[in-house]
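Computed from the coordinates by the stated procedures, all read-outs in this text should not be read as laboratory data. Just so we're clear, the structure is a prediction, and the values are computed from it rather than from any experiment. Here the Cβ is made from the backbone with ideal geometry for all residues, glycine too, and neighbour counts use every protein chain on show.
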Amino acid sequence: MIHIIRRPRELWAEAQGAVMVNGGRVVNIKNGEQVAFPIEPGEHEVQIKVYGDIAPLSSSPKITISVRPGQDVELACWVFTRREWLVNRLKFALQQETWRSPTSTGPSGEELALTAGSLVEILEGSRTEEDLGEEARIVDNSGSDSGVTRSVKVSREWTRTVTVAHDQATARGSALTIGPGWANLKIQVDQTLRHTYGIGSSVRELTEEEIILVVPPRRTVRLLLRWKRVWQHGLVRVSNSGGGSVEVPFRALVGVTFDQLQQDAS
């Protein structure tokens, strides 16, 4: 049996979510509502999709759950606001909470503080740039008495990636420790970051730009490109209803850019 509770929120309370299991819609879930439905043992993909004409809302990432015979799975979903650049984006989120099984003792109190009712949030911080190397292009117009305009195309392939410093996780709140229950949330933290920053196993990005150079007569121009990686830094915060939380640092590669310098190489 799967139990899903949608935490009540005043913001976008009218937005309806459709519970999707293995690509098919099972039931709709409203603000503050709790639904339950049977499911066969095995692995299943679960997602909350936007239902109705709510354009600014995005669906939750898919999560994979493994159901053993006789077990109940508890899930929680909610709508949250994530700041992207200067735009607030509203998104659905979905989080597996805790196992309930008549044959298991369940997590300890400290583990429960981290697994039951946990909310995963991404808190973006500063951006930094990392040198990637230099590239030079030469346009030779030394043999002409006329000026010339040249179009130079530059490009660099790169792959999105994210690094999570799980070993630097910091617990906050009274009587809250990072116990064995934290290991159960590491995968979900990684999946949330990969979904947020569009990270795939084999997807390569291309930064490409066309530069126009004006070269005077009898001159040679050297175009110098200084390539840089752009890293987004931030924290993943996992919090519960009791006010406790765990914060984990991360950095994500979100772009490649360059500075350009035009030099007289005559």
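Sorting the segments 219-229, 140-150 by their residues' average number of neighbouring beta-carbon atoms within 10 angstrom, most packed first, yields 219-229, 140-150. Along the Cα-to-C-beta direction of residue 265, a point sits 7 Å from the Cα; which residues of segment 216-234 have their amide N less than 17 Å from that point? Within reach of a label on residue 265: 216-227.
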